[in-house]
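Before any comments, here is the structure.
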Amino acid sequence: MSRIILEGFMGAGKSACGRTLSKELLLPYMDTDREIEKREKKKVSAIFEEFGEEYFRKAETALMKELAEGSKCHNGVISVGGGLPIREENRYWMQKAGIVVYLKLSPELLINRLEGTEWRRPMLKGGVREKVESLLPVREPMYIEAADYVLDTDGMDIVGVVNQLKLICHGRSSLPRRERA
């Protein structure tokens with residue numbers, strides 16, 4: 001099994017599913033946002049506030065390149081930030097680093113999950129509904145472009161999502177594998 005990389009919008013369950021999957025498969029886990037926080041010794045919200053979004057996006061790119069070219073977190077599970085795939089080079093590095101799975105969730109369910117989290121998610125300033133309705137249509141084509149698999153998680157609990165991810169990891173998923181460009 002190679003690395004599995006979980007992508008999707010904020011609130012799609014990347015971190016929760018990634019942590020659970022890594023525990024069940026006894027593999028290392030990395031959340032790119034947490035890794036950047038560790039390296040910068042600041043929360044993502046503080047990085048955005050002090051240095052801006054572009055600085056953070058460059059840190060994401062450097063980390064993805066490092067993961068794709070190096071052996072860190074070999075055969076593990078990686079959850080990437082919701083905005084990481086917006087850069088074309090990040091989509092390239094994600095594909096080089098492992099199997100990419102887009103955890104797709106409907107806008108309404110995303111809004112329900114994200115309500116009340118604006119204080120810790122810099123990209124949600126200005127209102128959850130407004131941000132989901134404006135950002136998701138822009139980001140989703142990029143998520144799909146990067147993905148080897150698109151897993152529609154509407155109506156699934158974490159156990160169901162993790163079971164589907166395990167099937168993907170073991171090459172037994174009934175989901176079609178997308179052709180990479």
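Applying Stokes-Einstein at 4 °C and 1.567 mPa s to the Kirkwood radius of the chain, computed over alpha-carbon pairs, gives a translational diffusion coefficient of 79 µm² s⁻¹. Rounded to whole numbers, the Karplus 3J(HN,Hα) couplings from phi for region 63-69 are 5, 5, 5, 4, 5, 5, 8 Hz, using 6.51 cos²θ - 1.76 cosθ + 1.60 with θ = phi - 60°, and x at Gly and Pro.
Peptides 12-23, 146-157, 75-86 ordered by packing proxy, namely the average of other Cβ atoms within 10 Å per residue, highest first: 75-86, 12-23, 146-157. Residue by residue, what Karplus-based ³J(HN,Hα) values in Hz, rounded to whole numbers, does region 10-16 have, using 6.51, -1.76 and 1.60 with θ = phi - 60° and x for Gly and Pro? Working through the residues one at a time gives 3, x, 6, x, 4, 5, 4 Hz.
Report the calculated FRET efficiency for residue 69 and residue 154 (r = Cβ-Cβ distance, R0 = 25 Å), to the nearest 0.05. All intermediate terms of the calculation are to be shown ahead of the outcome.
Values: r = 35 Å, r/R0 = 1.42.
Using R0 = 25 Å, I get an efficiency of 0.10.
With each label modelled as a point 7 angstrom along the Cα→C-beta vector, the residue 26-residue 89 pair spans 3.9 nm.
Projected label points at residue 166 and residue 50, each 7 Å from Cα along the beta carbon direction, are separated by 4.1 nanometres. If R0 is taken as 30 Å, the Cβ-Cβ distance between residue 96 and residue 129 corresponds to a FRET efficiency of 0.25. A straight Cα-to-Cα reach below 20 Å connects residue 125 with the lysines 42, 43, residues fewer than 8 places away in its own chain not being considered. Counted by Cβ distance under 14 Å from residue 15, the other residues give a net charge of +2, where Lys and Arg count +1 and Asp and Glu count -1.
Sorting the segments 136-144, 27-35, 45-53 by their residues' average number of neighbouring beta-carbon atoms within 10 angstrom, most packed first, yields 27-35, 136-144, 45-53.
About its Cα centre, the dipole of region 4-169 is roughly 480 debye, where the only charges are +1 on Lys and Arg Cβ and -1 on Asp and Glu Cβ. Between residue 119 and residue 40, residue separation times 0.36 nm minus the direct Cα-Cα distance comes to 26.5 nm. Taking amide hydrogens as placed 1.01 Å from N in the peptide plane, the amide H of residue 3 sits under 5 Å from those of 75, 76, 99, each at least 5 positions away in sequence or on another chain.
Every number in this text was worked out from the coordinates using simple rules, so none of it is lab data. Quick caveat, the model's predicted, so the values are computed rather than measured. No Cβ is skipped: glycine too gets one built from the backbone with ideal geometry, and neighbour counts run over all protein chains shown.
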